[in-house]
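The values are calculated or read from the model by the stated rules, or taken from the named source; none is laboratory data. What you are looking at is a predicted structure, and each value in this text was computed from that prediction instead of being measured. With ideal geometry, Cβ positions are generated from the backbone for all residues, glycine too; neighbour counts draw on all protein chains shown.
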Amino acid sequence: MATCYRAVLSPDFSMYIEMAPVLQLTNTFRNRWCGAYFASKGIRVVPTVSWGNENTFEFCFDGIEKGSTVAVSTYMGSEHDNRQNQKEFFPKGYNEMLHRIEPEKMICYNEPFPEMQGDIAFVDYELSSWKHMNEPIHTIQIRKIHLRRRTPSGRKQSHYQKRIYCK
């Protein structure tokens, strides 16, 4: 079934910051195991990278090839469904992921944060969530948008960001 797709993302098992470290380690293992299993069946896999607090950095980036395309999600770092915004831990992990993995490209599930850098393709969470699972996908649009922002040093910076929309 998955072979009809160009690639699949490895499952994003939760890495809630309030989880016990052993559960965070287990979820990292489950993510990598599923990705390896899919790959063993001839399916191209884009690894999903998740992290919690800084104590997860010692294992959460293991097993992902340096320079590969990866998937990340900003969903847990944003306010939704009565959950508090957990964005404060996201940038540290994101920057650590950039440093350790040096990904060529990133697929961002949910709206990227303005401070995120790199070649990012945005996947709209609301249009791709399980709520729309039984609806047909009529079109997939990839739009390149131009973003301008200031760096921490105050310099103006502009870049393009790819956004993927499924309608």
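Of all the criteria given as (1) modelled with pLDDT of 95 or more; (2) in a helix (DSSP H, G or I); (3) surrounded by 18 or more Cβ atoms within 10 Å (Cβ to Cβ), the one not satisfied by Phe90 is (1). Only residues that are in contact with a helix residue (DSSP H, G or I) (Cβ under 7 Å, 6 or more places away or on another chain) and of a type in the set (S, T, N, Q) were counted in segment 91-116, giving 1. If the condition is being in a loop (DSSP other than H, G, I, E, B), crowded, with 18+ Cβ neighbours inside 10 Å and modelled with pLDDT of 90 or more, then segment 1-56 contributes Ser10, Pro47, Val49, Ser50, Trp51.
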